[in-house]
Structure formats: structure tokens, C-alpha cells
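The next block holds one structure in the form of C-alpha cells; read it before the comments.
Every number here is computed from the coordinates shown, using simple stated rules; none is lab data. Predicted, not measured: the structure shown is a model, and the values here were computed from it. Cβ placement follows ideal geometry from the backbone for every residue including glycine, while neighbour counts extend to all protein chains displayed.
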Amino acid sequence: MRERLISIIIIAFLIINIAGFMISFNPYIAENYSESEPFTTDLIAGKNTKVGEIRVWNDDEYLYVKYIITATEDGWSLVETHLAVAKDLNDIPHTKRCNPIPGKFPYKTYHDPPTVGYTYVIPLSDIDASVGDELYIAAHAVVQKTTWDLPEEETMYLSDSGLKGSNMDGTNIYRYSLDDVEEKAHLEYITHIPAPEFDQVDALACTPDGTTIYAIDRYSQHIAKIDVATGNWWDLGVISDLPGGVVLAAFSPSGELYIASQDTNILYILDVNTLTLTPLGRVRYLSGDFKFLGADMVFDANGALYVWTNHRDDVQSLGLYVVDLSTMSATYLGAPTEAFFFMGLAIRGSGTGYLTGSMHAEPKDNPNESYIYTMDPDSPGTKFSKYFTYLNGEKYFMGYGDMTVGELAKPIKEETETAWGAGYEFRTACCQCCCKGRGCCIGKGGNWATYFTYTVQPYEEQ
């Protein structure tokens, strides 16, 4: 009887533990990874330096693999990405000694200019994957570290066209500086460009040498050229082919003026000498088109294009994105929890620092308050600060307008390094997988390439 009781206890113990094991190690129970809560592993450069993250999730049609640089302040960016995804480790391209071959990976992109984020969108049907399947993922990158020649001081500018009915009779152009101690944004008047041609300037961009600002009126479609040093300005006329809704503009480090329309959702290059437009096309986001709405865009000194959009729907979130111009695709970076409707976007450190965004409170709530936010592009949802705007020592309320960075830093040194999504070393796993236990790769060379695994999750609409 006693032995039978012990046997029952042991069996019960085993059943409970096996059930617990199955629940805790079933990788797709209660995980439900999504873009806001993805599976995450570090992106490691040179074997021991974390420069970013690889974030993975899926819906019922696609697997998403996002590369994110989280060390932008240290000068890191993406210049190449190579990705392989397989249900069998042996299907990831490799040499006879089991070293992976990134150049033969099925998904690859050369990022020119460099970027800080990129997302691969892979149909699950292409890899014959379904819920519960374990996937082997090899995420390789070539990353670049840039050392900068910084100008003597950072410069940033904004336009203020007031609110409707404010009787500003045009638009004021200001330079602004941020007091990090008192958390104040101090405005310095530069010039005024009058109505009716410049009654609502929602697109502002400064040349990368910091000498000239171009201002585009949202409704009249006139463009003004402003000399920063003197405040002198010239009306260059109407941009005849300009679509409606142009509220975003930025100069690239190489001197091209990019603009975007929230009416057409198309990105363009504008020749400021001939006022002719070259359409570049629509930007893709995940499996659809990216929607521009309000706000702005800005290039960093490395050529990464940041965009803030106030659009939101079931697919796209309000917030900060980076657009990869080599593929015309956007990657979501996040948004400060307090911010709800930015008007402009610029960048500190002459294109190497935190981003800045402008907004004002609703007049019915706080009629005398407007702000400039700063946010870390690596994690804009958690690392941000708020500065009240001041003019001549008094709080100043900004209406509608735009922002731009001034002179951009210049690169003086660029170094590249190999990076992998952290996980298991190929040379350890290959003896059981590729080399059939023969040990052909043990102790051979210094290859530290890694892969990780991800289990396809059941999809629930957010």
C-alpha cells in the first residue's frame, strides 16, 4: 500500500512537472510578439560591442525582422544587411566548414546613404512556415562608425505662421537654442516674410552649409530664399508642379532638397535653381504604403532620413520613422508618450544628436504654452525632454510652422565592422547539423558568426 501511494505521488509529480515544462517551453503560448512587443536580441559588432538590436514578430501573413541601431550617439549606422531565415539550420548558406556566407543570404540590402533602421518583410508562405514552426535566423550586418568634425555651435531654425486669425500677416523665421539646465527654448528673430505669399509656411529647410534657408508656403506654393546671416530674403516664385499638402522638407548632406506631400504621400526632390520636381515615389511601410501627415522630416549628418508623421491607423502608428532611401521603405522607431501632434522636426549636435520636435498646446487648454521636445532616436518613447519656448525673456506661443537643422557636421573618419544578431555560434552547432557530428569545424579559425531561433506565433489583431 505504501509503495502504491509513493508511486501515485511520483506519477502526479511527473504529470505536474511535464505539464509545467510544456507550458513554459511552448514558445508560442502567451507570447504573441508584435511590433510594439517583439522578440529581441542584440546586434553585436566586432564580437563584443552592442550597436543595436534585431526585433522579430509575425502576423498571419508575414514575418518581420527589424534591424535597429541603438548606438547612434556613438556614430554607428547600417551600411549593409544580410538575412537568412530557414526551418532547417542546414538551409542557411554556408561553407564546407559550416561558416555562413552572408553574400549568399536570400535577403540583402546595401544602404546608401547609411541608415539606423531597416525592416525585412517576408511572406510566411515563402519559407513554408506556420504557427508553432521554429525558424533559424541569421541576421548579419556591416555597420559603420563615423567620427565627426563638428561646427563651433549647433544651429536650428523654425517658422511661425501663427494660428488662423492671428493677424501675423505672414511668417516669422527664428533661430532657436536649448537651455538644458532651465529647460527653456530661446528664440532669436531672423526675419519676416509677408502674406499672402507666405501666410502658412509649413516646409522649412536649411542648406547643409548652414547659410541659406528655403521656406515653402503650404497654400500659395511660393518658395522663399533666406540669407541666414543678414535676414534678407527673396521670393523665388511659384513651384508650378508642386502638389498640395507639402508640409515636409529637408536638405540631405549632399545638398538635395527633399520634400513630401501629405496629399499624394509621394517623396520628391526639388531643384531650387529651376524649381522643377523629380518624384521618387511612395515610401513602403511593412506590407503597405507609408502615410505622411503633418510634422516634418530631417536628415542626420550621415544621411539617415527621419520622418515624423501624425497619421495613425490599424497598421501605422503616430511617431518617428527612419526612411531607407535605397529601398524607399520606412521603419518605426517610436514616440514620446507625451507628444501627440508635432509640427516640425530638427536634430541637435549639427546632425549627430537628439531629434527635436515642436508643438503647441490647444489654446483652450493652455493659450500661452508651446514646446520643443528633444528625443533620443534610439528610444524616443522613453528618452525625451520638454522645453518651453521663450522670446526676449518672455514665454512665447508658437502657432503653426516648421523646423530645420542648420549647418551639418562633416565626417572625418569612417570605420566598418561586421555585426550579427546574438545567439548560438554556427561553429558550435554545425557539428550536429552541417557536419553530421564529424567535428570538421571545431577549433577551425576565428569565425564567431551567430544565429538565433524564433517560433512563429499565433496572430491576434491588436
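Computed quantities for the displayed model
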{"quantity": "Value at 222 nm in deg cm²/dmol, rounded to 500, when DSSP H runs of n ≥ 4 in the chain each add -39,500 (n - 2.57)", "calculated": "-2000 deg cm²/dmol"}
{"quantity": "Sorted peptide list for 372-384, 212-224, criterion being average Cβ within 10 angstrom, highest first", "calculated": "212-224, 372-384"}
{"quantity": "Structure-derived percent of Cα pairs over 36 Å apart - corresponding label in (1) 60; (2) 27; (3) 37", "calculated": "(3)"}
{"quantity": "Part-to-part distance (alpha-carbon centres) for the stretch 34-49 and the stretch 271-320, which is given in Å", "calculated": "25"}
{"quantity": "Size of charge dipole - the chain - debye, nearest 20, with Cβ of Lys, Arg +1 and Asp, Glu -1, no other charges", "calculated": "2180"}
{"quantity": "Options A129, H111, H82, ranked by Cα towards positive dipole end of the chain, top entry (Cβ charges)", "calculated": "A129"}
{"quantity": "Estimated inter-spin distance, T337 and E153, nm [label 7 Å along Cα→Cβ]", "calculated": "3.6"}
{"quantity": "Positive minus negative residues near T278 (Lys, Arg vs Asp, Glu; Cβ under 14 Å)", "calculated": "-3"}
{"quantity": "Whole-Hz couplings from phi, Karplus 6.51/-1.76/1.60, listed for the stretch 215-226; x for Gly and Pro", "calculated": "10, 10, 7, 5, 9, 6, 6, 7, 10, 10, 10, 10"}
{"quantity": "Sorted by Cβ neighbour density within 10 Å, fewest at the top, the residues D235, D160", "calculated": "D235, D160"}
{"quantity": "Ascending count of other beta-carbon atoms within 10 Å, so fewest first, for T327, T389", "calculated": "T327, T389"}
{"quantity": "Summed residue charge, Cβ within 12 Å of Y387's Cβ, Lys/Arg positive, Asp/Glu negative", "calculated": "-1"}
{"quantity": "Partner lysines for K386 [C-alpha distance under 16 Å; skip if fewer than 8 residues away on the same chain]", "calculated": "K184, K395"}
{"quantity": "Euclidean distance between Cα centres, the stretch 378-416 to the stretch 173-232, Å", "calculated": "14"}
{"quantity": "Neighbourhood net charge (13 Å Cβ-Cβ; Lys/Arg +1, Asp/Glu -1) for I54", "calculated": "+1"}
{"quantity": "Dipole magnitude of the stretch 151-408, debye to nearest 20 (Cβ charges: Lys/Arg +1, Asp/Glu -1, about Cα centre)", "calculated": "500"}
{"quantity": "The chain: antiparallel DSSP beta bridges as a percent of all, rounded to 5", "calculated": "95"}
